[in-house]
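Asks: Got a structure for you, questions after.
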Amino acid sequence: MLLRRATLGSVRAPLCLALLLAAGPALAQPKADPDWPCAQRKVTTLGYGSFWTGPDLAEAGEWGNDREAAQLARKLASRRTELREADTLLDEFTEKLDPAEKSKRLTRVFAGVFEIINGERSTVMSGITRYAQGQRRLAERIRDEADKVSELKDSPESDPTKVASKEAADLETQFNWDRRIFDERNQSVSYVCEVPTILEQRLGEIARRIQARL
C-alpha cells in the first residue's frame, strides 16, 4: 500500500534535513570539500616534521634497503602490533646496533613507519571520500523516490480505498529500503572518520619511542 499523505508528509521534512547532511552530522558545518563528511579537518598528506625532531630522513638513506630496519618498520606500523610491544621490539633492535650507526638506522625505522602509515592513511582518506560520494548519490535517489511516491499519492487516479498498483507498491518498497541503507551507513560515519586520527596517533607514539632511543 502507498504511504498515507499525512505519513509521507511527516517523513519528508526530516528526510530532507537528513539528506542535506548526507554523510553525517559533520556536514552541518561548511566544508571546503563537499565530499568530506568528517568533523576533523581534511589533511590529505602528512608531513613527517609534525612527528619527528630527529635526524633528517633523507640523510639516513633509503629505509627499504636496510632489511632489518624495514622489517621492524613494518611490524611497528601494523595495527596488529600492540603499542605495548613497540618498546620490546625497539630495544631488541637497538641492542644489536653499532653505536656509530644507531642514529641513522633508527631514523630509517621511523622513515619506514612514516611512509607505511601515511600511505595507509591516504588510502583511508580516499575511501572516506568515496563513501561520502556514495551517500550523496543515494540521497539524491531517495529524494527522487520520495517525490514519485508523493506524485502517485496526489494523482487524481489515486484512491486510498483501493489496493495500490504494483508500480506504486514497488516504488514504496524501494524507497523504504534505500532509506534504511542510507541511515545504517550514516550511523557508521563517525567511526570511519576516526580512523585517520587513530593512525596519526599511532605514528606520533611510535615516533616518540624511537626518538627516546636516539
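Asks: Taking the stretch 147-164 as the search range and keeping residues that are touching a helix residue (DSSP H, G or I) at 6+ places or on another chain (Cβ under 8 Å) and either under 30 Å from Thr123 (Cβ atoms) or open to solvent by 50 Å² or more (accessible area, probe 1.4 Å) (or both), which one is modelled with the highest pLDDT?
Replies: Of the stretch 147-164, the ones touching a helix residue (DSSP H, G or I) at 6+ places or on another chain (Cβ under 8 Å) are 148-150, 152-154, 158, 164.
Now narrow it down to the ones that are either under 30 Å from Thr123 (Cβ atoms) or open to solvent by 50 Å² or more (accessible area, probe 1.4 Å) (or both): 148, 152, 154.
Details: Lys148: 78, Leu152: 71, Asp154: 64.
That would be Lys148.
Asks: Report every pair of residues separated by at least 6 positions or lying on different chains whose Cβ atoms are under 8 Å apart, first residue within the stretch 37-56 and of a type in the set (Lys, Arg), second outside any helix (DSSP H, G or I).
Replies: Lys42/Lys31; Lys42/Ala32; Lys42/Asp33; Lys42/Trp36
Asks: Considering only the stretch 50-103, how many residues are surrounded by fewer than 15 Cβ atoms within 10 Å (Cβ to Cβ) and part of a loop (DSSP other than H, G, I, E, B)?
Replies: Going through the stretch 50-103 one residue at a time, the tally reaches 12.
Asks: Then there's this: With respect to Thr197, is the statement that it is farther than 30 Å from Leu97 by Cα, open to solvent by 30 Å² or more (accessible area, probe 1.4 Å), at pLDDT 75 or above and in a helix (DSSP H, G or I) true? Give the steps one after another, and end with the answer.
Replies: Details: farther than 30 Å from Leu97 by Cα: yes; open to solvent by 30 Å² or more (accessible area, probe 1.4 Å): yes; at pLDDT 75 or above: yes; in a helix (DSSP H, G or I): yes.
Judged against the criteria, Thr197 is a match.
Asks: Return yes when Arg137 is of a type outside the set (Phe, Trp, Tyr), buried (at least 17 other Cβ atoms within 10 Å of the Cβ) and in a helix (DSSP H, G or I) and no when it is not.
Replies: no
The values are calculated or read from the model by the stated rules, or taken from the named source; none is laboratory data. Model, not experiment: these values are computed from the prediction. Glycine also receives a Cβ, built like all others from the backbone with ideal geometry; neighbour counts cover every protein chain displayed. Only protein heavy atoms, including side chains, enter the accessible area calculation; ligands, DNA and RNA are left aside. Shrake-Rupley method; radii C 1.70, N 1.55, O 1.52, S 1.80 Å.
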